[in-house]
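Notes for the one structure printed next.
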Amino acid sequence: MAARVATFPRLQILFSMTRLFSGTPFDIPPQCDDCGKLQSECACTPAEKADAEKKRQRDADRLEPGKQTAKIRIEKRKAKRVVTVVDGLTAKANDLPALLSKLQAKCGAGGTVKADEDRLELQGDHLTSVSQTLRDLGFKVR
């Protein structure tokens, strides 16, 4: 096959062009999304590219607070313990640990993130302060 390509110069040119507009004024060589250099000159490692792609995907999945509704309720547990539960905010669309930290600081209470159930739990009855804090952050509250 190599001998055939060498004898036909048009085929040789055809096989050397890998992009649609290669060799025309409209040819724009592909660039790396992370460093901005040409892909042939890119020095990004595969791990760096994977991390950057995860960050881009996470940012794309985030929803603004005004498009989300938080459902707040009080649960009574055994031994008369009271817990404030915030549901309706998904881990994919929010940074739940950072949101929990804000709520804990506002309420002065401990709490946890139940990531598998997409819920926040705060120790104690903090219904009014949690709902006011979430409203201040831009969430709809029910």
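The values are calculated or read from the model by the stated rules, or taken from the named source; none is laboratory data. What you see is a predicted model; the values in this text were computed from it and never measured. We place every Cβ from the backbone using ideal geometry, glycine too, and count neighbours over all the protein chains shown.
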Is at least one residue of region 91-106 farther than 22 Å from LEU63 by Cα and in a strand (DSSP E or B)? no
The conditions are (1) over 28 Å from the mean Cα position of the chain (by Cα); (2) at pLDDT 85 or above; (3) loosely packed, with under 15 Cβ neighbours inside 10 Å; (4) not in a helix (DSSP H, G or I), and VAL83 fails exactly one of them. Which is it? (3)
Count, please, the residues in region 15-70 that happen to be under 26 Å from VAL86 (Cβ atoms), touching a helix residue (DSSP H, G or I) at 6+ places or on another chain (Cβ under 9 Å) and assigned to a helix (DSSP H, G or I). 1
Which of the residues belonging to region 45-80 are over 18 Å from PHE139 (Cα atoms) and touching a strand residue (DSSP E or B) at 6+ places or on another chain (Cβ under 9 Å)? ILE74, GLU75, LYS76, ARG77
Give me the pairs, please: first residue somewhere in region 49-66 and surrounded by 11 or more Cβ atoms within 10 Å (Cβ to Cβ), second residue anywhere and modelled with pLDDT of 90 or more, beta-carbon distance under 6 Å, and either six or more positions apart or on two chains. PRO65/LEU137; PRO65/GLY138; PRO65/PHE139
Expected output for region 92-114 (first residue hydrophobic (A, V, I, L, M, F, W, C), partner part of a helix (DSSP H, G or I) and at pLDDT 90 or above, Cβ below 7 Å, 6+ apart or cross-chain) is LEU103/VAL130; LEU103/THR133; CYS107/SER129; CYS107/VAL130; VAL113/LEU96; VAL113/PRO97; VAL113/LEU100
Given (1) surrounded by 15 or more Cβ atoms within 10 Å (Cβ to Cβ); (2) touching a helix residue (DSSP H, G or I) at 6+ places or on another chain (Cβ under 9 Å); (3) at pLDDT 95 or above, identify the lone condition not met by ARG73. (1)
